[in-house]
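Student: Take this structure first; my questions come after.
What follows draws every value from the coordinates through simple rules; no lab data is involved. Only a predicted model underlies this, so the values are computations on that prediction, with no experimental measurement involved. Note that we place each Cβ from the backbone using ideal geometry, even for glycine, and neighbour counts take in every protein chain shown.
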């Protein structure tokens with residue numbers, strides 16, 4: 001018993017419990033414990049007091065470590081179940097949410113694309129019709145402008161004609177038909193002051209000339225004929241036609257000449273003549 | 001995790017359940033011993049995140065090698081705490097750990113952790129104070145060096161500059177004081 005007491009008091013049992021022994025010492029202590037219940041009881045007491053000391057100095061690990069540790073043990077067990085139910089719930093939720101949001105966005109973009117296409121077609125049709133209307137309007141404006149221009153021209157022309165009649169300096173000379181063409185008549189307006197000669201085509205009554213010939217107006221100055229220009233006579237001729245200017249004249253006459261006029265009048269082709 | 005939900009079994013029931021590898025055994029094992037083991041580990045490694053990893057490794061090792069434990073060898077906790085201490089000591093002696101934490105005053109760390117953690121085990125605080133008063137300073141320092149810092153008694157003798165025999169005697173006296181206190 002003395003040996004056992006000395007063995008206990010050597011402190012080897014404490015080191016054994018603390019794991020601070022060599023493999024030989026370990027085997028020796030275990031053999032002693034098998035043989036002597038007193039040593040076994042001593043080891044039990046040392047272990048218990050160190051366990052309680054550890055309990056006194058216990059430190060609570062963080063709460064989430066419990067699931068982590070237990071899951072790692074369960075994985076080792078080959079068990080599919082996990083100790084945490086929240087995680088699987090999250091995963092299920094994810095699985096459900098993703099396809100729905102995808103489907104929604106798919107149909108949304110489908111409809112959006114269709115709407116865009118429809119809008120584009122409507123826009124093109126509207127653009128074409130507006131373009132056509134614009135073209136019509138432009139044509140209308142152009143035709144109105146040309147019409148306006150025609151009216152303006154006509155008005156100014158008529159103003160000029162009226163001016164001739166109103167101008168006191170103009171002298172009206174009525175040319176009468178010669179025996180060759182007794183029914184022919186032509187009125188010549190002449191202003192010696194303004195040196196202007198005009199013929200009144202509206203009231204003219206001349207046979208229609210062919211395309212090879214033209215009428216030529218002559219002024220008789222001191223018995224000599226002076227060319228005043230050529231003109232055509234047809235049924236639609238209207239207005240006053242200005243001829244070449246001349247300062248003085250005794251008489252006016254019209255002969256039928258070759259187209260373009262002649263330097264001297266062909267006397268047997270005289271159509272009308274008038275004197276002051 | 002509330003205290004009420006913690007599972008507690010007698011040591012015999014727990015050992016049987018662990019041998020059958022029942023799920024409830026894992027839960028009971030964790031609930032009954034995680035704080036005690038974590039207290040030892042965190043004092044050795046002095047880093048909570050590393051201590052948690054080691055605690056996890058400890059439980060995995062306990063679970064996987066439980067067949068090597070027998071009640072003949074002693075208390076379950078003695079076996080488990082030596083697994084935890086060995087893993088923690090392996091860690092602090094590994095190269096990467098040494099690189100990241102240079103040598104620090106050992107006892108300072110223990111008191112530092114105690115101060116940091118004292119809110120966690122407030123109900124037991126009175127008891128610890130009584131216990132600390134019962135232990136002589138030289139007894140407490142050798143016990144904490146070996147138990148909570150992972151020193152061998154040879155290393156502790158070097159550290160404290162006392163003969164090996166004195167170390168053994170002081171260690172035995174400290175544990176004897178513990179036994180008196182807990183009885």
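Student: Please state, as a whole number in µm²/s, the translational diffusion coefficient that the Stokes-Einstein equation yields for region A:171-275 at 4 °C and 1.567 mPa s, with Rh defined as the Kirkwood radius across alpha carbon pairs. Intermediate results must be reported in sequence, preceding the final value.
Tutor: Numbers: Rh = 13.4 Å.
Rounded, D is 97 µm²/s.
Student: Oh, and also: What are the extents of the Cα atoms of region B:1-101 along their three principal axes, listed from largest to smallest and rounded to whole Å?
Tutor: The principal-axis extents, from largest down, are 43, 33, 19 Å.
Student: Once you place label points 7 Å from the Cα toward the Cβ at residue A:117 and residue B:64, how far apart are they in nm?
Tutor: Each label point lies 7 Å from its Cα, and together they span 6.1 nm.
Student: Report the relative contact order of chain A, percent, no decimals, based on alpha-carbon pairs under 8 angstrom and at least 6 residues apart. Show your work: numbers first, answer last.
Tutor: Numbers: 311 pairs, mean separation 32.0, N = 276.
It rounds to 12 percent for chain A.
Student: Hey, with R₀ at 56 Å, roughly what FRET efficiency would residue B:136 and residue B:49 work out to, going by the Cβ-Cβ distance, to 0.05? Don't jump to the answer; show the numbers that get you there.
Tutor: Values: r = 35 Å, r/R0 = 0.62.
Once rounded, the FRET efficiency stands at 0.95.
Student: Sticking with this one: How do A:109, B:66, B:97 line up, fewest other C-beta atoms within 10 Å first? Provide the component values of the computation, followed by the final result.
Tutor: On the way: A:109 10, B:66 17, B:97 14.
By the 10 Å Cβ count, ascending, the order reads A:109, B:97, B:66.
Student: At 7 Å along the Cα-to-beta-carbon direction for both residue B:19 and residue A:110, put a label point, then send me their distance in nm to one decimal.
Tutor: For the pair residue B:19/residue A:110, the computed spacing is 6.6 nm.
Student: Work out the FRET efficiency for residue A:210 and residue A:156 from their Cβ-Cβ distance, taking R0 = 25 Å, and round it to the nearest 0.05. Don't skip to the end; give the middle numbers.
Tutor: On the way: r = 32 Å, r/R0 = 1.30.
Approximately 0.15, to the nearest 0.05.
Student: Based on Cα coordinates alone, diagonalise the gyration tensor for region A:111-170, multiply each eigenvalue by 5, take square roots, and list the semi-axes in whole Å, largest first. The partial results should precede the final answer.
Tutor: Details: eigenvalues 645, 6, 3 Å².
Result for region A:111-170: semi-axes of 57, 5, 4 Å.
Student: Moving on. Go from 0 up to the bin containing the longest alpha carbon distance in chain A, width 5 Å each, and give me the % of pairs per bin.
Tutor: 1, 4, 7, 7, 6, 5, 4, 3, 3, 2, 2, 2, 2, 2, 2, 2, 2, 2, 2, 2, 2, 2, 2, 2, 3, 3, 2, 2, 2, 2, 3, 3, 3, 3, 2, 1, 0, 0
Student: Stokes-Einstein at 25 °C, 0.890 mPa s, Kirkwood radius from Cα pairs: D for region A:102-255 in µm² s⁻¹? Please report the intermediate quantities before stating the final value.
Tutor: Numbers: Rh = 20.7 Å.
Here the translational diffusion coefficient equals 119 µm²/s.
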